Structure formats: C-alpha cells, structure tokens
1. Would you confirm, using the coordinates I've provided, whether Val537 is over 16 Å from Val460 (Cα atoms), of a type outside the set (D, E, K, R), without any contact (Cβ under 8 Å) to a residue 60 or more places away in the chain and buried (at least 19 other Cβ atoms within 10 Å of the Cβ)?
2. May I ask you to list the residues in the range 237-267 that are under 15 Å from Asp345 (Cβ atoms) and not in a loop (DSSP other than H, G, I, E, B)?
3. Please state which of the following conditions Thr173 fails to meet, knowing it meets all the rest: (1) under 27 Å from Thr140 (Cα atoms); (2) of a type in the set (S, T, N, Q); (3) in contact with a Phe, Trp or Tyr (Cβ under 9 Å, 6 or more places away or on another chain).
4. Tell me, which residue of the range 412-421 that is in contact (Cβ under 8 Å) with a residue 40 or more places away in the chain and out of contact with any Phe, Trp or Tyr (no Cβ under 8 Å at 6 or more places or on another chain) is nearest to Val367 (Cα to Cα)?
5. Name the residues in the range 120-147 that are among the aliphatic types (A, V, I, L, M), touching a helix residue (DSSP H, G or I) at 6+ places or on another chain (Cβ under 8 Å) and open to solvent by 10 Å² or more (accessible area, probe 1.4 Å), would you?
6. Given the criterion in contact with a helix residue (DSSP H, G or I) (Cβ under 8 Å, 6 or more places away or on another chain), free of Cβ contacts under 8 Å to residues at least 40 places away in the same chain and of a type outside the set (Phe, Trp, Tyr), identify the matching residue among Gly402, Gly385.
7. Residues that are surrounded by 13 or more Cβ atoms within 10 Å (Cβ to Cβ) and among the small types (Gly, Ala, Ser): list the helices (runs of 4 or more DSSP H) wholly contained in the range 152-233 that include at least 3 such residues.
8. What is the one condition in (1) crowded, with 20+ Cβ neighbours inside 10 Å; (2) free of Cβ contacts under 8 Å to residues at least 12 places away in the same chain; (3) not acidic (Asp, Glu) that Arg587 does not satisfy?
Amino acid sequence: MSKQDDDRLTELLKAARPAPNEGWRERALAAMAAARRDRGGRHLGWMPTAAGTVLVAAALAFVPYSATAPSGMMAGALAAQQAAAAEVLEELERPGGGEKPARRETLPEHLRPYAERAAAFVRERHPDDPEMLMAAGMLTRGTEEALALLKEAAERSSGGATWAAYAGLMLETGPPYARPANWGVDPGDAEALAETKQEIAEAGLPDKLSPDDVAPVMEVLRRWQEVEPENGMPVALEVRYLYGLHRDSDALLRWEEASSLPEVTAHVQETSWAAGRLLSEMKMPWWDAASAAYSVPTGLGSMAWLREGARIGLYEGRLAQLEGRAEEAVRCWQATIDIGRHMQDSAGTLIECLVGIAVEGIGASPVWVWQHDGVTGIPNGPLVGGRLFHGRAHDFFVAHVGEAAADDLRDSLLRAKVRSMLSRSYVQGLGAFPDEQTRSLLLRALSILSASLLVAFLVVFGAISLRARKQADEATRLRRRGGLALAGLSLLPALGVGVVSWVGVSAAARFQPVWGAVFFGGLALSLVAMILVPLIVARWSRQPGARLVTAWRANLRRVLPVAIVLCAVFSLGLGLAGRHSAAAWPRRWRTESEMERVLAEIGPEWFEPKIPEDAWRAEPAPRVER
C-alpha cells in the first residue's frame, strides 16, 4: 500500500470514531467514584451479625432448661407429699379413736428403676459412705439387700439418722401382734372391748410375742439409744415390744423415761436429704430428686409405731383410773402428752410436728377432747368444724392434779390445733411447684417470648431490605435516637406482659391457663406495634417528596436493628435468670429443714397463734342421737 493510500485510510478511521465531548474525563472519574446500584440481599450489612446474636442467645438461653425443667415425676412426688401430710392432718380430727396398726411404707412405681440399681451404684461409687448406704437401703426397701445396707450404714455411722432408718425397717418387718390397747379401744367400754377382741381373733393375730421374736428389734433400738442418749424415740418404740411380751409395767416405765428426754425424732429430714442426694447422683434432675426424696420410705413407719405407743399409754392410764390407781393413770397420760410436745419441739419436718400434735392429743383426750359439730350438734365450731370439750376423766384429772394444770393443758391443745389449721395452707401448697420453680418457668416463658419477637423482627427486616435500601434510607429524617425511642415504644406491650405475668403468677403462686393467652397476646401486640408505630411516625419524619411507604420502610430499618438487639439481650438475660432461679430451690432444700420453710411461710402466728372465740366449752360434749 502506498503512503497516499495509508493517509487516506487514517482519515476515514478518524471520521468513523468522532472525538469525545468536552469534559468527558471528569465525568468518567465521577461515574467511577459513584456507588453502584444496590443489588438486593448482598448488602444487608449487619444481618450476619444479628443472625449470630440470635444463635448465641438461643443457645445460652434454652440449653439450661433441659437440666432444670421439671418433669411429671416431680408433680407426682409433690402430690404424694401433700397426700401424706393431709392424711396426718385428718387423723388429728380423731385423736385416740379406733386406729388400726400402721400401714407399711411402700416405694412409688416411678422410683423402682432407681431402686433396682441403687445398691450396685452405691457399692461401686460410695462403699464407705454411711449416708449413701442408708439411702440405698431405703430405696431398696422390700428386698433382701435393704436390711444389710441399712445395718452396714448404721454400724459405719456415729449419727442417729442411720440407726433411725435401720430401726424403722426392723420395726416394719418385725413380728406382728395385737391387744385391745394397740387399737385404741376404751377399757371402760365393755361392748367395744369385746368387739375389738373379736376382730383381733378373726384377723389371726397373736396377742403375745416371744422373747426370741423381739430380740433383734430390741437390740437395734438399744444401740440406737446408745448413739443418741437424749433422743426419746428409740426408748418409746421399745414400749410396743415390751407390751407385746406382756411386760406391761416395764413398758410403762420406759414410756415415762422417754417422756423425760428432751428430743423425740425419727430423723425424717436427714433421711430425705440422703435420698435426694443419691437420686441426684444417679442422674435424676435435682428438681425431681428433691421432690421424690419425700416419696422414699424414711422414718414415717417409726412415727406410726409411736402413735401406737401413745394409744397404749392412753389405754393403760384409763385402766388404772378404773382400777383406782389414780397416780399411775395421771402419769401415763402426762407421759404421752410430754412425748408429743417434745416431738413438736424437735421436729425437722411438718409431718413429724403433726404426729407430735396427734400424740399430745391422744394423751390429753381423757381431760380435753376435740369433737366435730356433726357429733355434738353445736354449729360453727371454729377449730376445723369443732371445739374442745371436757373429756370423760376431766373431773378426775382436776381432782388429782388441779384446775390450773387442766387449763394449761387446754391452752396447749388449742395452740396445737390452731397450728395444725395454719399448716393446712402450707400442705395445700405442696401440690404446687415451689416459688423458685414458678419464677423459673415464668422467666423461661418470657425468654421464649423475647426470642420469638427477635425472630419475627429479623424476618421483617430481611423482607424490607431486599431492594432499594439506599433509596428508602434517604426518605426519612429519623435518626438513631429516634429509632431507639420507637423500638422501646413498640416493645412496651411485651414489657407489659412480663410485668403483669410476674405480678399475677407471684400472687397466685402458680400458673393459670389464662397466662398462655396473655403471652400470645403480648407477642401479637408487640408485632403490631412494631409495624404501625413507624408507619404513623413516617407521616412526620419523611423527607419532602418521599412516599409514605418508602419513609415507613426507612423507619423500620432504623427501629428493627435496635429491637432485635434488645430482644436478644432480654432472651439471654431472662434465660440465665431462669436457670439461676431453677437452681435456687435445690440449694435451699439441701440446707433448710421443712419446718424452717413452714415457719418462714406462716410467720410469727405459729409461735403466738390466735385462739378463736368459742373454741372450747367447759362441759362434756353433747351427743346427737342418730
């Protein structure tokens, strides 16, 4: 190609590509510096951080509940404890009358899987621990190994609780017998006495024991007394067997000796603590273990035999009165009264205290006796539908002891009766969960409410951030402070639910079905508020020329991040608080006796009970003919 043709071609190419307009370079630099168009979800910014917050809050708030949430086992154990205490309260309404021998303690079905492996577990993990050996022996009650475990526990220990448990099982498996005194019949009622003897004969029970039969039990009781010389319980329990040997004088002497000792206890609280510890170490959650411990057969059998001893004291005192042995009659009744009082003073559990009240009532029944309105025909009795009246030996007692002693006995019985009435509120509360658990469940529900709101807000935020985020952000004048204020305003319904629920559940001491509706209502109201409040505020906060919907989206983008963070914090904090509350009750249960909890709930009135008007009548109880 010639040079001329080459120049011609260059001119044609320049004509085909015209020169750029003036200022093109500046425009190109500005275009490169400008932000690119928002492309949906790639630029949500802080959403990965929020998602991580959700996961952390959920993990920390909800994981602890698997270890602290109570099961149906706890509800069943609480109901069993309530039923046992209520049964003793009912027996207080018929002191000294017609009781048959005590029933044996049995292990509830839900504890049998633990009982089957308790012995092997303790032999392997705690072979030298008397407390654990004792607990295993109580759990395996009814098996051949139970007696060996309890014996080993007693011999390894220097405390009275292990000997009480060992003696309780020996008494339960000891030889049976029956005499009219054991069944609480009045020796002065010839017809009732004959009927009782007939019932005993029909039951096939012997009326006398042999020395060989009672030797093992008496040896255990003797060694228990050596360990606890100030405890009248082992001495009082000997009375049943001495009476079965027809060594009546020796039996009454031991009964009086027991009344002179300052304590009368079967160590039910200590054995319950040991049972709870063993169940917990066998991987039962502490909530369930602390409650199920009251379902483990402990020392209640010993207290049942103590009531039988009280009936023997009542019978022999009445017999002495009929035979003209006045001083002996008064001693028998007074010894029974004193044993009941000592048992009330040394009680670690409510049932022990109530049994002490029952024993005192049995001993005092010849002087003052409680009668129901249905028996007397006198309405409006202030003491559980009844009153105190003169017993059949009131005048006899006054003649030999004095009016002042009879009045002191009456006042003591009135105080005991009012205390048993006060304890009914505590017993009724045994069927409900403890306060610490109620608070734990409420905190858990509020934590779940916060987490639910968190998830809902996160979904809404994601939906409004999918497109045109920058355009929406420029459509409002609302800034961070305003977003924080709107978030707090929108969460007020949820906060109100928390406050109302806390006050309501605390006042009722239990959950009611209505609280489910309250929680869901609070959730719905907070969601609606979170949507509507930013929309209402958008009418004043939007930029000139901006659409209302666009400004609303912008307000939501200011409010929702704050709300999500607040919900995450609330969910985490409430979850951890619920965990702490759930752990509080087992700690308190392991260090505080049941009577301490009873006194804390009832308050000063336990020590200075208010005696209602017309609680007693200075006359024999009238009888309504039926």
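1. For Val537, the condition - over 16 Å from Val460 (Cα atoms), of a type outside the set (D, E, K, R), without any contact (Cβ under 8 Å) to a residue 60 or more places away in the chain and buried (at least 19 other Cβ atoms within 10 Å of the Cβ) - is met.
2. Ala258, Ser259, Glu263 - these are the residues of the range 237-267 that are under 15 Å from Asp345 (Cβ atoms) and not in a loop (DSSP other than H, G, I, E, B).
3. Among (1) under 27 Å from Thr140 (Cα atoms); (2) of a type in the set (S, T, N, Q); (3) in contact with a Phe, Trp or Tyr (Cβ under 9 Å, 6 or more places away or on another chain), Thr173 violates only (3).
4. Ranking the qualifying residues of the range 412-421, first place goes to Ser412.
5. Result: Leu147, single match.
6. Gly385
7. Once the helices (runs of 4 or more DSSP H) in the range 152-233 are filtered for at least 3 residues that are surrounded by 13 or more Cβ atoms within 10 Å (Cβ to Cβ) and among the small types (Gly, Ala, Ser), what remains is 160-172.
8. (1)
The values are calculated or read from the model by the stated rules, or taken from the named source; none is laboratory data. Every value quoted in this text rests on a predicted model; they were computed, and no experiment measured them. Quick reminder, even Gly has a Cβ in these numbers, built from the backbone with ideal geometry, and neighbours come from all protein chains shown. Each accessible area value is taken on the protein alone, full model and side chains, heavy atoms only, with ligands, DNA and RNA left out. Shrake-Rupley method; radii C 1.70, N 1.55, O 1.52, S 1.80 Å.
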